[in-house]
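Enquirer: Handing you this structure, nothing more for now.
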Amino acid sequence: IENESFFGQDEESEDFLAVSRAMEEIVDDPVDCYWLIKCFITQFYTKFGDSVPHLPKSLEHYLSQEEPRLLTHLKSTGALLQLPYSLWFRRCFAGCLPECSLQRVWDKVISGSCKILVFVALEILLSYKIMLLGINRPEGVVNFLSNIPQENTDAIVTKAVELWQKYCGNPVHAV
C-alpha cells in the first residue's frame, strides 16, 4: 500500500493487521486469504482513500438527521471528535464486529460503497443511544464504542443497510 500521506506508517500497519486477522477468521485457505486481504486493502485505498477522511463529517450529518439530541450530547461532552473513526472507517470495522456481521459490511464495500461504513457507525450510535447519553466523559464513550457487545451486531448491520438504502437509494456504485 503506497498511501503514506493518508496516515502514518504505524497506523497503516495496524489497520492492515486488523483486516488481516478478521479475514483469516473468514477464509480457511492461507493462499486465498492472502490474495483476498491484498485485493481488499488495495481496492479500498485506491477507490476510497480520498473519501475516508470525509466519513466522520458524513456521520455527523446523518446523525443530525436521525438523532440530533445524541449529536448534541456527543459534541458537548467532546466525544464526537474522539469516536473510534480509525476502527470504524480505516479498518472497515475489523476488530469491532464479529466476522459474520463483518462479511455483510465488506460485501457492500467491495461492491462499491464505502458509505455503508457511515451507516454502520450511525446505527451503532443509534442502537446504544440510551447508554451513550448516560456517559459524560469522552473516554467512556470511546471505550464503550471500541468494545461494543457482540450479541446483536447482525441486527445493527441489517438496520444500517436499511438506513443506507433510505439515504442513498440502492445505487450500484455509491461512494
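Enquirer: Can you sort 89, 144, 16 by 1.4 Å-probe accessible area, starting with the largest? Before the final figure, lay out the partial values.
Expert: Working: 89 5, 144 40, 16 85 Å².
Largest to smallest exposure gives the sequence 16, 144, 89.
Enquirer: Report the number of Lys pairs in the chain whose alpha-carbons are under 28 Å apart, with separation of 8 or more residues or on distinct chains.
Expert: 26
Enquirer: Net charge near residue 95: determine it from the other residues with C-beta under 13 Å of the C-beta of residue 95, scoring Lys and Arg +1 and Asp and Glu -1.
Expert: Details: positive: 21, 90, 91; negative: 14, 15, 24, 25, 99.
The answer is -2.
Enquirer: Right, another one. Using only DSSP helix segments of four residues or longer, with each worth -39500 (n - 2.57), what per-residue ellipticity at 222 nm results for the chain after dividing by its residue count and rounding to 500? Walk me through the numbers on the way to the answer.
Expert: On the way: 9 runs with 112 residues, N = 175.
After summing the helix terms and dividing by residue count, I get -20000 deg cm²/dmol.
Enquirer: Further question on the same structure: At 24 angstrom or more along the helix axis (alpha-carbon based) and mean Kyte-Doolittle of 0.0 or higher, what helices does the chain contain? Whole DSSP H runs only. It would help to have the intermediate numbers written out before the result.
Expert: Numbers: long enough: 9-26 (26 Å, -0.74); 30-48 (26 Å, 0.48).
Both cut-offs are met by 30-48.
Enquirer: Given 48, 169, 30, which one lies farthest toward the positive end of the charge dipole of the chain, if we put +1 on the Cβ of every Lys and Arg and -1 on the Cβ of every Asp and Glu?
Expert: Toward the positive end, the furthest listed residue is 169.
Enquirer: Given a 1.4 Å probe and every protein chain left where it sits, what share in percent of the accessible area of region 1-112 is carbon and sulfur?
Expert: Details: 3020 of 5990 Å².
Here carbon and sulfur together make up 50 percent of the probe-accessible area.
Enquirer: Between residue 107 and residue 54, what FRET efficiency follows from the Cβ-Cβ distance if R0 is 22 Å, with the result rounded to 0.05?
Expert: On the way: r = 22 Å, r/R0 = 1.01.
For R0 = 22 Å, the calculated efficiency reads 0.50.
Enquirer: With springs only between Cα atoms under 10 Å apart, run a GNM on the chain and tell me which of 119, 93, 44 wobbles the most.
Expert: 44
The values are calculated or read from the model by the stated rules, or taken from the named source; none is laboratory data. Please read all numbers here as calculations on a predicted model, not as lab measurements. Positions of Cβ are backbone-derived with ideal geometry, glycine not excepted, and every protein chain shown enters the neighbour counts. Remember, those area values only see protein heavy atoms, side chains included, never the ligands or the DNA or RNA. Shrake-Rupley method; radii C 1.70, N 1.55, O 1.52, S 1.80 Å.
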